[in-house]
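What follows is a single structure, written as structure tokens, with notes after it.
The values are calculated or read from the model by the stated rules, or taken from the named source; none is laboratory data. Note that the coordinates shown come from a computational prediction; the quantities given were computed from them, not determined experimentally. Using ideal geometry, Cβ is built from the backbone for each residue, glycine included, and neighbour counts are taken over all protein chains shown. Areas reflect the complete protein model, heavy atoms only, side chains present, ligands, DNA and RNA absent. Shrake-Rupley method; radii C 1.70, N 1.55, O 1.52, S 1.80 Å.
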Amino acid sequence: MKELSFADNEAARHLYGDLNQNLLAIEKAVGVTVKARGTTLTITGEEHDVETTASALNQLYDLIITGYPLYPSDIVFALHILERSPRANLKEIFLDQVYITSKQRVISPKSINQKEYIEAIRSHDISFGIGPAGTGKTYLAVAMAIAAFSANQVGSIILTRPAVEAGENLGFLPGDMVEKINPYLRPLHDALNDMLGRERAKELVEREIIEIAPLAFMRGRTLNNAFVILDEAQNSTPEQMKMFLTRIGFNSKAVITGDITQIDLPHDRGSGLIHAAKVLKRVKGISFSYFTDIDVVRHPLVQAIIRAYEKKEKSRKKQEKGHERSSAK
């Protein structure tokens with residue numbers, strides 16, 4: 001059992017959440033019991049769980065005191081971080097402000113890997129973010145791009161991705177080529193609209209300050225004074241990846257994101273992302289950040305889904321190795 005006391009009544013109320021919803025979320029996530037009596041909390045449960053919960057609550061309280069707008073999801077993120085890195089400093093992670101959206105929502109890292117990813121983008125001209133869906137790879141990259149443009153560090157933002165069919169055929173979609181590829185670029189539009197607001201995002205696109213285009217449209221160009229993001233890079237071929245990386249000009253940054261478990265290329269075509277990770281891993285000036293299910297910032301079920309598929313894939317590979325050994329005998 002552990003008892004915590006908080007001096008600031010308003011900050012404590014914010015920490016507890018409406019009708020103590022944050023405390024209930026902690027109880028469900030960790031398996032402890034948290035009882036509130038005014039500004040005093042009593043935590044009971046297994047010693048390790050109690051210590052993790054106490055550390056999370058104390059650090060989140062300190063964040064609130066600094067003026068950080070605690071979101072309900074931050075409770076879960078804090079617990080995930082401290083469960084795996086008990087000495088982690090949540091202030092260093094959550095207060096690393098990347099961008100403030102048009103709705104005044106602060107975009108900041110929510111895991112240690114996200115924090116390291118942001119720092120890598122800041123300190124490298126070319127950065128790779130590799131990991132499963134929902135880990136914030138593209139979203140944080142877009143936020144960094146908008147922040148760089150807002151600070152006059154770059155003159156334009158270029159967002160691109162391969163137009164590769166995920167089990168569907170572009171030819172069956174209505175409209176001309178631009179209309180056919182637009183659905184593939186929709187996630188990038190969504191991120192811009194969320195951060196800038198629909199009208200501001202539309203204005204910047206119309207002024208060609210922000211460009212959203214298929215990867216094939218990058219051929220033959222030199223991208224100077226730009227923040228360039230290649231999304232869904234696992235669906236690029238090695239030739240396309242080389243083409244993209246050699247477009248980067250002066251005063252530009254490039255971020256390449258992808259999930260190597262969701263490759264939609266034909267089986268006889270290699271992934272440019274996997275190839276680049278092997279070829280460029282020792283090149284100075286290029287960073288590689290890797291994410292896992294721990295970094296998922298979507299619905300909690302997304303984490304469980306990713307783990308289930310990973311477990312199935314490991315089982316399949318193990319069976320294949322077993323068959324190979326049997327055949328060799």
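Kindly sort Arg37, Arg316, Arg13 by accessible area of their heavy atoms, largest first, with the probe set to 1.4 Å.
From most exposed to least exposed: Arg37, Arg13, Arg316.
How large is ³J(HN,Hα), in whole Hz, for each residue of the range 236-253 in order, when computed from phi with the Karplus curve 6.51 cos²θ - 1.76 cosθ + 1.60 and θ = phi - 60°, using x for Gly and Pro?
Per residue, the Karplus-derived 3J(HN,Hα) values read 8, 8, x, 5, 5, 4, 4, 4, 5, 4, 8, 7, 5, x, 6, 6, 10, 10 Hz.
Of Tyr61, Tyr71, which has the most accessible area with a 1.4 Å probe, and how do the rest follow in descending order?
Highest to lowest solvent-accessible surface, that is Tyr71, Tyr61.
Can you compute the helix-only [θ] at 222 nm over the chain? Use -39500 (n - 2.57) per DSSP H run of at least 4 residues, normalise by all residues, nearest 500 deg cm²/dmol.
After summing the helix terms and dividing by residue count, I get -15000 deg cm²/dmol.
Ranked highest first by average number of other Cβ atoms within 10 Å, how do 187-197, 106-116, 263-273 line up?
For the peptides 187-197, 106-116, 263-273, the packing ranking is 106-116, 187-197, 263-273.
Could you name the lysines whose alpha carbon sits less than 16 Å from that of Lys253, not counting residues in the same chain fewer than 8 places away?
Within reach: Lys137, Lys242, Lys284.
Round to a whole angstrom and tell me the spacing of the C-alpha centers of the range 38-62 and the range 257-277.
Taking the Cα centre of each part, the range 38-62 and the range 257-277 sit 43 Å apart.
Counting only protein chains, not ligands or nucleic acids, how are Thr160, Thr246 ordered by accessible area (probe 1.4 Å), most first? All intermediate terms of the calculation are to be shown ahead of the outcome.
Numbers: Thr160 0, Thr246 85 Å².
Order by accessible area, largest first: Thr246, Thr160.
Any chance you could run the full-extension gain for Gln97 through Gln153? It's 0.36 nm times the residue separation minus the Cα-Cα distance, nm to one decimal.
Values: separation 56, 0.36 × 56 = 20.16 nm, distance 1.67 nm.
Taking 0.36 nm per residue and subtracting the Cα distance, the gain is 18.5 nm.
Val154's amide H: which non-local residues (gap 5+, or another chain) put their own amide H closer than 5 Å, with H modeled 1.01 Å from N in plane and none for Pro or chain starts?
Phe149
Counting only residues 5 or more places away or on other chains, whose amide H sits under 5 Å from the amide H of Phe291 once H atoms are built in the peptide plane?
Ile130, Gly131
If I build a Gaussian network model for the chain, linking alpha-carbon pairs within less than 10 angstrom, which residue out of Gly67, Gly258, Gly136 has the largest mean-square fluctuation?
Ranking Gly67, Gly258, Gly136 by mean-square fluctuation puts Gly67 first.
Give the Rg (one decimal place) followed by the Dmax (whole number) of the chain, computed from C-alpha coordinates and expressed in Å.
Just the Cα atoms of the chain yield Rg and Dmax of 22.5, 72 Å.
Using only the alpha carbons of the range 184-262, what is the convex hull's orientation-averaged projected area in square nanometres?
5.6
Using per-residue counts of other Cβ atoms within 10 Å, averaged over each peptide, order 209-222, 275-288, 122-135 from highest down.
Ranked by mean Cβ neighbours within 10 Å, highest first: 122-135, 209-222, 275-288.
With a 1.4 Å probe and every protein chain kept in, tell me what percent of the accessible surface of the range 1-140 is carbon plus sulfur.
49
Would you mind classifying the range 84-168 by shape? Square roots of the alpha carbon gyration tensor eigenvalues, ordered a ≥ b ≥ c; an a/c under 1.5 is rounded, otherwise it is prolate if a/b is larger than b/c and oblate if not.
oblate
In Å², and per residue, what accessible area does the chain have when probed at 1.4 Å with the other protein chains present?
Per residue, the chain has 55 Å² of solvent-accessible surface.
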